[in-house]
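J.: Just passing along the structure, written as structure tokens.
The values are calculated or read from the model by the stated rules, or taken from the named source; none is laboratory data. What you see is a predicted model; the values in this text were computed from it and never measured. Cβ coordinates were reconstructed from backbone atoms using ideal geometry, including for glycine residues, and neighbour counts include every protein chain displayed. All accessible areas refer to the heavy atoms of the entire protein, side chains included, with ligands and DNA or RNA removed. Shrake-Rupley method; radii C 1.70, N 1.55, O 1.52, S 1.80 Å.
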Amino acid sequence: MSFATTRRVVIEDVTPRVDDGRFPVKRIVGDVVTIEADVFADGHDAVAADVRYRRSGQRAWRHVPMEFVVNDRWMAEFAVTEIGRYAFTIEGWVDHFATWRRGLEKKRDAGIVDEADLQIGSGLIEEGADRAKGADALLLADTAARLRDRTRPIEDRVEVGLDDEVAAAMRRSPDRTRSTIHEPTYEIWVDRERARFSSWYELFPRSWGEPGSHGTLADVADRLDYVADMGFDVLYLPPIHPIGRTNRKGPNNSLQAGPDDPGVPWAIGGPEGGHTAIHPQLGTVEDFRKLLGRAADLGVEIALDIAFQCSPDHPWVEEHPEWFAHRPDGSIQYAENPPKKYEDIYPLDFETSDPEGLWEALKGVFEFWISEGVKIFRVDNPHTKAFPFWEWVISELKSRDPELIFLSEAFTRPKVMYRLAKLGFTQSYTYFAWRNTAWELREYLTELTAGEPREFFRPSFWPNTPDILTEYLQTGGRGAFITRLVLAATLSSSYGIYGPAFELMEATPRLPGSEEYLDSEKYQIRHWELDRPDSLAPVVRRVNEIRRRHPALQRNDGLTFHHTDNEQLFCYSKRDGDDTILVVVNLDPAHVQSGWTSLDLAALGIEDHHHQFQVHDLLVDRRYMWQGPHNFVQLDPDQLPAHVFAVRRRARTEEDFDYYL
């Protein structure tokens, strides 16, 4: 420490930050970032502070003046207008002019201003004029001269010194020679809008052909209208690569596969190639390009599965045996998750003697598909690969293409899931599928949207996946599927379903107590009757339409929970500006539930408890007049187990209703 230091300002508790700045906070292009910090100094001098920020690659810092909030807490805001990395920090200094001005105001009120006070001020303002430019420099120079002019009454000169325009000009040209610049510098990673708001649909291309045939990428392209018409903007494909023959699994995970059994898509690799090859029965790279083009025409992006594991037939097994763990007898260790065994899959060994070769090869997989136009990747089991690898590879890839999106499929311990998000994963699967009661949902959503994870963790809610068929869906019938759809799509700005299993309400488990599907697509080709009259596709379409029309559902902030006198009725709202959505869901899939709401009217933008307001149920296009916090609700799961209301706070004209349709 230097004993001659004159940097008196202390800067503490800067927010937002993640792990004291070790990782960037996350925002979306166009967001306004709110920065806060404690800024203070010894003694009674006034202090001032700026937020300094710049985009990666820029040399000059931009400055935003901070405003005092309370108790030495200061705040400033700035917009992030481009995708990519930003840096920010805080600069604070003792503001001698503000100290003088505050004292002069007190002396004026007490009637004890003397000539020395004005001379001190003129000197400070004259120094400010030397720092300023243009009109500010002229104003400050003139003000300093007027303060020194003893021919004018002292009262008039005091008012000149206290002029607000003078104070503003001095603030624009402060004396920073003894300022404190906070260390460390913090980072913000800014993504495109789809990183926050997206609707995913998962399908197995091999099941989208004619009955009795192996589907192709061309079949998916031909039937892509089905996905787009339901309102999905991301189509996620499980691995489309060659599937190994060695130890191939048969239907329902049987150990013996027949000659025509297709195997598990996650057992990647065969004589035809590995992670950069396409399964011959699915088509060619040209077919994949046509699918990308067709999807783009419909406003849909293709997301590919990245599963860093190999079948025993993958070319890497012979070319790079050092990339795999070996048993004492020299054989390669297959994957296990006791009691489950995956004899058809070899995991990669991240403690290999050739980490550089392995890491570069894995990065090359991403680079290949990025070169083909893919910008969204769902990553299989990233928690079973080395954390440093993910931080390195995601940083490398996003430095070249910041529009990339990575969805983490890590159903594991919370801190591991959060670490992956900090390392760079854009979105993450969550525990949503197993949160069924109102209490569980409130606790979990509060953690995700009001706690520290909101700065770096973007949840994606999936009511089902090829691996997850919850007991709630197995036993709840049609009402259960609609309930989970509405919850997923309105609680989280990003959500997805595995279809057509979801909209066709596939609910039979392979074994009692199991979450595995009977006759799962993971092990065999299925044929889906997409035009079944009981399909939930119209409900899914309506929910996605509501999401697109209402900005409140496109964010995870602005979430408020409202009480009801029946815990089976789960009530919450989201608000963005003038757009407010209020949702009430019957969590009981078997019985009619009714009760009274106890609404937080302020959260809905309603100030007068006696004021009537309209709620428009967007699912069925019905309007109700409500008044005050207590209103009656009854929901029948055999009809429709949810209300999705647009809240109308004032009665206007009939034409105004159109916005809420």
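J.: Answer with a single label: of [x] 198; [y] 224; [z] 212, which was calculated as volume of the Cα convex hull per residue in Å³ from the structure in view?
T.: Here the calculated entry is [z].
J.: Using a 1.4 angstrom probe on heavy atoms only, work out the carbon and sulfur share of the accessible area of segment 395-448 in %.
T.: Roughly 50 percent, rounded to a whole number.
J.: Sticking with this structure for a sec: Below 8 Å between Cα atoms, with a sequence gap of 6+, how large is the relative contact order for the chain in percent?
T.: Relative contact order here is 10 percent.
J.: Lys/Arg Cβ at +1, Asp/Glu Cβ at -1, dipole of the chain taken about the Cα centre: which of Leu619, Thr437, Pro65 is farthest positive-ward?
T.: Result: Pro65, furthest along the dipole toward the positive end.
J.: Hey, which of these cross-link pairs are over 18 Å Cα-Cα: Lys26/Lys385; Lys26/Lys574; Lys385/Lys415; Lys363/Lys522; Lys249/Lys340?
T.: Listed pairs above 18 Å: Lys26/Lys385; Lys26/Lys574; Lys363/Lys522.
J.: Taking Cα atoms, how many degrees apart are the long axis of helix 537-549 and the longest axis of the chain, rounded to 10 and kept between 0 and 90?
T.: 10 degrees
J.: While we're on this one: Per-residue HN-Hα couplings for segment 156-169, Karplus 6.51 cos²θ - 1.76 cosθ + 1.60 at θ = phi - 60°, whole Hz, x for Gly and Pro?
T.: Using θ = phi - 60°, the values come out as 5, 5, 4, 5, 4, x, 9, 4, 5, 5, 5, 4, 5, 5 Hz.
J.: I'd like to know which of Pro500, Phe481, Pro453 lies farthest towards the positive end of the charge dipole of segment 377-518, counting +1 on Cβ of Lys and Arg and -1 on Cβ of Asp and Glu.
T.: Pro453
J.: Additional query: For Asp225 and Glu272, FRET efficiency with R0 = 30 Å and r from the beta-carbon atoms, rounded to 0.05?
T.: The formula returns an efficiency of 0.50 here.
J.: Something else: In whole Hz and in residue order, list the ³J(HN,Hα) couplings for segment 442-448 that follow from phi through the Karplus curve 6.51 cos²θ - 1.76 cosθ + 1.60, θ = phi - 60°; x for Gly and Pro.
T.: Values, residue by residue: 4, 4, 5, 5, 5, 4, 6 Hz.
J.: Name the long-range amide H neighbours of Ile90: under 5 Å, sequence gap of 5 or more, or other chain; modelled H, no Pro or chain starts.
T.: Residues meeting the amide H criterion: Arg52, His182.
J.: Measure off, as a whole percent, the carbon and sulfur share of the 1.4 Å-probe accessible area of segment 347-392, all protein chains present.
T.: C and S atoms contribute 52 percent here.
J.: Ser331 to Arg289: FRET efficiency via 1/(1 + (r/R0)^6), r the Cβ-Cβ distance, R0 35 Å, to the nearest 0.05?
T.: Between Ser331 and Arg289 the formula returns 0.35.
J.: If you don't mind, there's one more thing I want to ask. Kindly express, to the nearest 10 degrees and within the range 0 to 90, the angle between helix 134-148's C-alpha long axis and the longest C-alpha principal axis of the chain.
T.: 30 degrees
J.: Could I ask something else about it? Taking a probe of 1.4 Å, how large is the accessible area per residue of the chain, in Å²?
T.: Heavy-atom SASA per residue in the chain reads 44 Å².
J.: Additional query: Expressed as a whole number of Å, what is the distance separating the alpha-carbon centroids of segment 360-408 and segment 24-78?
T.: 32 Å
J.: Continuing with this model, one more query. Could you rank Asp175, Asp233 by how accessible they are, 1.4 Å probe, largest area first?
T.: Asp175, Asp233
J.: Taking the full set of protein chains and a 1.4 angstrom probe, give the accessible area of Ile278 in square angstrom, rounded to the nearest 10.
T.: Rounded to the nearest 10, the figure is 20 Å².
J.: Give, in nm to one decimal, the length gained when the segment between Glu319 and Lys340 is fully stretched (0.36 nm per residue of separation minus the Cα-Cα distance).
T.: 4.8 nm
J.: Treating only the Cβ of Lys, Arg, Asp and Glu as charged (+1, +1, -1, -1), what charge dipole size does segment 78-134 show about its Cα centre? Round to the nearest 20 debye.
T.: Roughly 220 debye, rounded to the nearest 20.
J.: Given a 1.4 Å probe and heavy atoms of the protein chains only, how would you sort Asp72, Asp578, Asp401, largest accessible area at the top?
T.: Descending accessible area places them as Asp578, Asp72, Asp401.
J.: Per DSSP helix of 4 or more residues, -39500 (n - 2.57); summed, then divided by the residues of the chain. What does that give at 222 nm, rounded to the nearest 500?
T.: Calculated from helices alone, the mean residue ellipticity at 222 nm is -8500 deg cm²/dmol.
J.: Here is a follow-up. Using a 1.4 Å probe, how large is the accessible area of Arg55, given in Å² and rounded to the nearest 10?
T.: Arg55 exposes around 60 Å² with every protein chain in place.
J.: How large is the charge dipole for the chain, taken about the Cα centre, if only the Cβ atoms of Lys, Arg (+1) and Asp, Glu (-1) carry charge, to the nearest 20 debye?
T.: The calculated dipole for the chain is roughly 720 debye.
J.: Round to the nearest 10 and report in Å² the accessible area of Arg649, as given by a 1.4 Å probe over the protein chains' heavy atoms.
T.: 30 Å²
J.: Sort Arg52, Arg85 by heavy-atom solvent-accessible area, probe 1.4 angstrom, most to least.
T.: Arg85, Arg52
J.: Same structure again: Two-decimal Rg/Rh of segment 232-317 from alpha-carbon positions, Kirkwood Rh?
T.: Taking Rh as the inverse mean 1/r over Cα pairs, Rg/Rh reads 1.03.
J.: Give me, ordered by chain and number, the residues 5 or more places off Tyr517 or on other chains with an amide H under 5 Å from its own placed amide H.
T.: Under 5 Å from the amide H of Tyr517: Arg510.
J.: How high is the relative contact order of segment 12-168, in percent, counting Cα pairs under 8 Å that sit 6 or more residues apart?
T.: Relative CO of segment 12-168 lands at 18 percent.
J.: First compute the accessible area of segment 535-583 with a 1.4 Å probe, then give the percent of it belonging to carbon and sulfur atoms.
T.: For segment 535-583, the apolar C and S fraction of the accessible surface comes to 43 percent.
J.: Using the Karplus curve 6.51 cos²θ - 1.76 cosθ + 1.60 with θ = phi - 60°, what ³J(HN,Hα) values do you get for each residue of segment 582-594, in whole Hz, with x for Gly and Pro?
T.: 3J(HN,Hα) across segment 582-594, in whole Hz: 10, 10, 10, 10, 7, 7, 9, x, 10, 9, 5, 10, 9.
J.: Counting only residues 5 or more places away or on other chains, whose amide H sits under 5 Å from the amide H of Gly496 once H atoms are built in the peptide plane?
T.: Under 5 Å from the amide H of Gly496 lie the amide H atoms of Trp200, Phe461, Trp462, each far enough along the sequence or on another chain.
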